[in-house]
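Enquirer: This is the structure I want to talk about, given as structure tokens.
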Amino acid sequence: MGRRIYLDNNATTPCDPRVVDAMVPWFYKHPGNAASRNHPFGWEAEEAVDYAREQIANLLEVDSKEIIFTSGATESDNLALKGVYEMYARKGNHIITVKTEHKAVLDACAKIEKLGGQVTYLDVKEDGLIDLGELEAAITDKTILVSVMWANNETGVIQPMKAIGEICEKHGVLFFSDATQAVGKIPTLPKETGIHLMAFTGHKMYGPKGVGALFVNRKKPRVKVTAQMDGGGHERGMRSGTLNVPGIVGFGKAAEIAKAEMAQDAARLSVLRDKLQAALASQLEEVYINGNEEHRMPHVANISFKHVEGEGLMMMFNQEIAVSSGSACTSASLEPSYVLVALGLGDDLAHSSIRFSLGRFTTEEEIDYTVEQLKTGVNHMRDLSPIWEMYKEGVDLDKVVWAEH
Amino acid sequence: MAYSDKLMDHFKHPKNVGTLPKNSKQVGTGLVGAPECGDVMRLQIQVDEAGVIEDAKFKTFGCGSAIASSSLATEWLKGKSLDDAMAIDNMAIVEELALPPVKIHCSVLAEDAIKAAIKDYKAKNAIPA
């Protein structure tokens, strides 16, 4: 096996070794069920879960009773949306969300529509940000919930959370955020932001997979969600199921590390990300940065290399460098990323996009190597590309009559 | 999803990349696909006086499977009569490169490109299709 460089941290992060060390005893030495009330095995498991809940609450500056453990962000998204829809049915049936949300939100909303709910899907501007005026105009007397992700998984674009919170407050509407890509990487304080429910997960912040959480505001207002998983009434009745003690311990440790190191990680990674972006943009022609560059996660760059197909480009170096592409050539639909299309990118630029997401363990040397490999890859693909040749000859590609298939 | 060695070889070391003079009567050009669909294939044949394909070139914008399919197609075209070239079936490309099901459309595109190039050549030389 040759060298391997991981620049796909928005898909998942590696576990921090300190997280793994914290988890190990909870698999064997302390095997108890946190709901077992009659022996020390249960008591110590419950204590460990409570401690992790505190660590996570500390990161968000909330009360530990406001943290509901789940299996991950997808479950948290489902619990928040469907749980609020059921719980607040008497108040209204209208939810507002955004076209660039994660599928876990969009598909949960589609389900709610099938159940009789109404959902408004806001457009985004060319830079990926929503229009606050459009959001406010969409609120009706039937609106119960606004759902806006903190940071986008594909572009890293950060929405104006505080302003959205103020609009929700003004209209007495609950505010839910899928903050999966933001928690543990930038400050995400629901109380300061006016967020009532917030979904996030361990494996995007150097914790383990299979454990997530939903923040549910307890005071002013006291928010409740209808359970979507029925059983033993764990997690204050909102989410039944035996708690994943080792996973929760790891999640807690990851939150503690994030609180201590987030600022320095972000500062270091933004320098590396900017170096990567500047090198590619200056050393290759026709390079486009997707999404607002100012309101963006520090470790993410989504870049289109015009007239090069993203999946083919990745194949040039994917034995060594892991990234992802908005080209959906592997899917049967052949549709490119709906997120990039929502930003108004033509399908051709969406097909040409690569997402680089750096992480805590990314080194400068890896970035330098990646720049060299990308240059070689893009140049190879352009040598092969008939539309690059046509572009270079001055053919107006918009005027070509293509034989679409 | 791991690709076959043959596919990777055609992708990393594609055969017959280039451009033939498209205005020559000896040359037929097929341009299929669209940038919006994520693949565009341009395949060209050069036909000798005996009606045999003496050279073939391609350029492709697309994924690895699309590039490999067109590279393989140009290899197969050289030395074939127009009738034999017309008979190349996309499933033969699928088998040769072990394309996964989601990539079968790449082989279809290559077959379309071959047929479009032959059609262009015949039209230029007033040969009935």
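Read-outs: derived from the displayed coordinates by stated rules, not from any lab. Please read these numbers as outputs of a predicted model, since none were measured by experiment. For neighbour counting, all protein chains shown are included, and Cβ atoms are generated from backbone atoms with ideal geometry for every residue, glycine included.
Enquirer: Setting aside same-chain residues fewer than 8 positions from B:Lys78, which aspartates and glutamates have a Cα under 14 Å from its Cα?
Expert: Reachable aspartates and glutamates: B:Asp48, B:Glu54, B:Asp55.
Enquirer: Follow-up. Which of rounded, prolate, oblate describes segment A:263-316, given a ≥ b ≥ c as roots of the alpha-carbon gyration tensor eigenvalues and a/c under 1.5 marking rounded, otherwise prolate only if a/b is larger than b/c?
Expert: prolate
Enquirer: Sticking with this one: Which residues in segment B:78-122 place their backbone N less than 11 Å from a point set 7 Å from the Cα of A:Gln319 along the Cα-to-Cβ direction?
Expert: From segment B:78-122, the list is empty.
Enquirer: Still on this structure: Under the rule of -39500 (n - 2.57) per DSSP H run of 4 or more residues, summed and divided by the residues of chain B, what mean residue ellipticity at 222 nm is obtained, to the nearest 500 deg cm²/dmol?
Expert: So the helix-based figure for chain B works out to -13000 deg cm²/dmol.
Enquirer: While we're on this one: Please compute the Kirkwood hydrodynamic radius over chain B, one decimal place, Å, based on all pairs of different Cα atoms.
Expert: Result for chain B stands at 14.4 Å.
Enquirer: Just grab the label-to-label distance for B:Glu49 and A:Ala11, each label 7 Å out from Cα along the Cβ direction, in nm (one decimal).
Expert: 5.7 nm
Enquirer: Oh, and also: Rounded if a/c is under 1.5, else prolate if a/b is larger than b/c, else oblate: which is segment A:1-86, with a ≥ b ≥ c the root eigenvalues of its Cα gyration tensor?
Expert: It is oblate, given that a/c is not under 1.5 and a/b is not larger than b/c.
Enquirer: Does anyone have the angle between helix B:64-77 and the longest principal axis of chain B? Alpha-carbon axes, 0 to 90°, nearest 10?
Expert: Compared with the principal axis, the helix lies near 40 degrees.
Enquirer: Let me ask something additional. About the Cα centre of segment A:170-236, how large is the charge dipole given +1 on each Lys and Arg Cβ and -1 on each Asp and Glu Cβ? Please answer in debye to the nearest 20. It would help to have the intermediate numbers written out before the result.
Expert: Working: 11 positive and 4 negative charges, 60 e Å.
In total the dipole reaches around 280 debye.
Enquirer: What dipole magnitude, in Debye to the nearest 20, does the protein assembly as shown give about its Cα centre under +1 on Lys/Arg Cβ and -1 on Asp/Glu Cβ?
Expert: Here the protein assembly as shown has a charge dipole of around 1260 debye.
Enquirer: Name the long-range amide H neighbours of A:Asp178: under 5 Å, sequence gap of 5 or more, or other chain; modelled H, no Pro or chain starts.
Expert: A:Val148, A:Met149, A:Trp150, A:Ala199
Enquirer: Loop only by DSSP, 12 or fewer other Cβ within 10 Å of the Cβ. Give me the chymotrypsin sites (Phe, Trp or Tyr not before Pro) in segment A:35-70 that pass, ordered by residue number.
Expert: none
Enquirer: With a 4.7 Å Cβ cut-off, tell me which Cys residues in chain B come up empty for a partner.
Expert: If one checks each Cβ against the other cysteines of chain B, B:Cys37, B:Cys106 turn up with nothing under 4.7 Å.
Enquirer: Quick one: if the Förster radius is 41 Å, what FRET efficiency do A:Ala263 and A:Ala110 give, using the C-beta to C-beta distance and rounding to 0.05?
Expert: It comes to 0.60.
Enquirer: Let a ≥ b ≥ c be the square roots of the eigenvalues of the Cα gyration tensor of segment A:67-192; is it rounded (a/c under 1.5), or, if not, prolate (a/b larger than b/c) or oblate?
Expert: Values: a/c = 1.40, a/b = 1.15, b/c = 1.22.
Here segment A:67-192 falls in the rounded category.
Enquirer: Loop-only GluC sites (Glu not before Pro) in segment B:32-64, please: DSSP not H, G, I, E or B, and at most 15 other Cβ atoms within 10 Å.
Expert: Taking segment B:32-64 and a limit of 15 other Cβ atoms within 10 Å, the loop GluC sites (Glu not before Pro) found are B:Glu49.
Enquirer: Another question, if that's okay. Mind giving me the nanometre distance, one decimal, between the label points for A:Ala281 and A:Lys103, set 7 Å out from Cα along Cα→Cβ?
Expert: Between A:Ala281 and A:Lys103, the label points sit 3.1 nm apart.
Enquirer: Additional query: Quick one: if you take sqrt(5λ) for each eigenvalue of the C-alpha gyration tensor of the protein assembly as shown, what semi-axes come out, biggest first, whole angstrom? Walk me through the numbers on the way to the answer.
Expert: Values: eigenvalues 519, 124, 89 Å².
Taking √(5λ) for each Cα gyration eigenvalue gives 51, 25, 21 Å.
Enquirer: Springs between alpha-carbon atoms under 10 Å, Gaussian network over chain A: tell me which of A:Asn152, A:Asn33, A:Asn244 tops the mean-square fluctuations.
Expert: Evaluated over chain A, the most mobile residue of the options is A:Asn33.
Enquirer: Okay, next question. What do you get for the angle between helix A:245-283 and the principal long axis of chain A? Use alpha-carbon atoms, 0 to 90 degrees, nearest ten.
Expert: 20 degrees
Enquirer: Segment A:149-228: which trypsin sites (Lys or Arg not before Pro) are DSSP loop and have at most 11 other beta-carbon atoms within 10 angstrom?
Expert: Passing both the DSSP loop test and the Cβ count: A:Lys219, A:Arg222.
Enquirer: Any idea which of A:Ile367, A:Val341, A:Asn379 is furthest toward the positive side of the dipole for segment A:288-405, if Lys and Arg beta-carbons carry +1 and Asp and Glu beta-carbons -1?
Expert: A:Val341
Enquirer: Next up: Taking only Cα atoms and a 10 Å spring cutoff, compute GNM fluctuations for chain A and point out the largest among A:Ala199, A:Ala342, A:Ala260.
Expert: Fluctuation is largest for A:Ala260.
Enquirer: Same structure, new question: Let me have the 222 nm mean residue ellipticity of chain A computed from DSSP H runs of 4+ only, each contributing -39500 (n - 2.57), with the sum over all residues rounded to the nearest 500.
Expert: So the calculated ellipticity at 222 nm is -12500 deg cm²/dmol.
Enquirer: Please get the size of the charge dipole for chain B, origin at its Cα centre, with Cβ charges of +1 on Lys and Arg and -1 on Asp and Glu, quoted in debye to the nearest 20. Mind showing how you got there, number by number?
Expert: Details: 15 positive and 17 negative charges, 87 e Å.
Approximately 420 debye in magnitude.
Enquirer: Would you please give the FRET efficiency between A:Lys170 and A:Asn58, computed as 1/(1 + (r/R0)^6) with r the Cβ-Cβ distance and R0 = 25 Å, to the nearest 0.05?
Expert: Calculated value: 0.25.
Enquirer: Another question, then. Tell me the relative contact order for chain A as a rounded percent, counting alpha carbon contacts under 8 Å between residues six or more apart.
Expert: Normalised by residue count, the contact order of chain A is 21 percent.
Enquirer: Could you sort out which of A:Lys29/A:Lys259; A:Lys170/A:Lys224; B:Lys22/B:Lys115; A:Lys392/B:Lys59; A:Lys306/A:Lys375; B:Lys25/B:Lys57 sit more than 18 Å apart by Cα distance in this structure? If you can, show how the numbers build up before the last one.
Expert: On the way: A:Lys29/A:Lys259 28 Å; A:Lys170/A:Lys224 20 Å; B:Lys22/B:Lys115 16 Å; A:Lys392/B:Lys59 14 Å; A:Lys306/A:Lys375 13 Å; B:Lys25/B:Lys57 16 Å.
As for pairs spanning more than 18 Å Cα to Cα, those are A:Lys29/A:Lys259; A:Lys170/A:Lys224.
Enquirer: Using 0.36 nm per residue of separation minus the Cα-Cα distance, give me the extension gain between A:Ala163 and A:Lys209 in nm, one decimal. List each step's numbers first, then the result.
Expert: Details: separation 46, 0.36 × 46 = 16.56 nm, distance 3.19 nm.
Stretched out fully, the A:Ala163 to A:Lys209 stretch lengthens by 13.4 nm.
Enquirer: Here's something else I'd like to know. Note the angle between two axes, namely the Cα long axis of helix A:103-114 and the longest principal axis of the Cα atoms of chain A, as a number of degrees from 0 to 90, rounded to the nearest 10.
Expert: Helix A:103-114 sits at roughly 70 degrees to that axis.
Enquirer: Please find the FRET efficiency linking A:Arg37 to A:Arg90, where r is the Cβ-Cβ separation and R0 is fixed at 51 Å, and quote it to the nearest 0.05.
Expert: Working from the Cβ atoms, E equals 0.90.
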